[in-house]
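No value in this document is a laboratory result; all are computed from the given coordinates. Only a predicted model underlies this, so the values are computations on that prediction, with no experimental measurement involved. No Cβ is skipped: glycine too gets one built from the backbone with ideal geometry, and neighbour counts run over all protein chains shown.
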Amino acid sequence: MQRYTPSRKDKMLELRPTCEHCNKGLPPESLEARICSYECTFCANCVNDILENVCPNCGGGFVPRPVRPAKNLKNDNFLGKNPASTKIKYRPVDLDAHALFAAAIKSIPAEKR
Ligand SMILES: [Zn+2]
Ligand SMILES: [Zn+2]
């Protein structure tokens with residue numbers, strides 16, 4: 001069995017630094033970070049209260065973002081080697097447009113969209 005040794009070229013979760021809608025800080029250890037399958041990143045409050053579990057960019061649902069270990073527990077697979085992104089993606093959602101978009105989608109479970 002080959003062990004996993006990610007290189008710089010590997011695609012991995014970006015761990016974006018803030019909520020795309022409200023710009024709240026979402027450090028890598030945050031338990032409030034939510035992501036869609038495209039890594040659109042929002043805080044739990046925005047996902048629950050504003051987005052209603054509908055990603056404004058793709059229409060998919062959200063899941064809690066996993067926490068990358070801060071300590072080197074195994075094979076250099078940790079934040080020290082693969083740090084979180086520092087590139088802020090702050091694109092507040094157009095709330096009226098999202099309400100229309102989400103109206104038809106939010107009642108459908110994410111796995112059936
Ligand atoms: Zn937010
Ligand atoms: Zn999305």
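Stretched out fully, how many nm does the piece from N72 to E52 gain, at 0.36 nm a residue minus the Cα gap? Mind dumping the intermediate values first?
Working: separation 20, 0.36 × 20 = 7.20 nm, distance 3.63 nm.
Once the chain is fully extended between N72 and E52, it gains 3.6 nm.
For the chain, excluding the exposed loop sites themselves (chymotrypsin sites (Phe, Trp or Tyr not before Pro), DSSP loop, at most 16 other Cβ atoms within 10 Å), the longest remaining stretch covers 39-77. Pairwise Cα distances in the chain exceed 24 Å in 32 percent of cases. Residues L13, L51, ranked from the fewest to the most other C-beta atoms within 10 Å, line up as L13, L51. Counting neighbouring Cβ atoms within 10 Å and putting the fewest first, the residues E32, E111 line up as E111, E32. From helices alone, the chain scores -2000 deg cm²/dmol at 222 nm; the rule is -39500 (n - 2.57) for each run of n ≥ 4 DSSP H residues, then divide by the residue total. The lysine pair count for the chain, using Cα distances under 29 Å and pairs eight or more places apart or on different chains, is 25.
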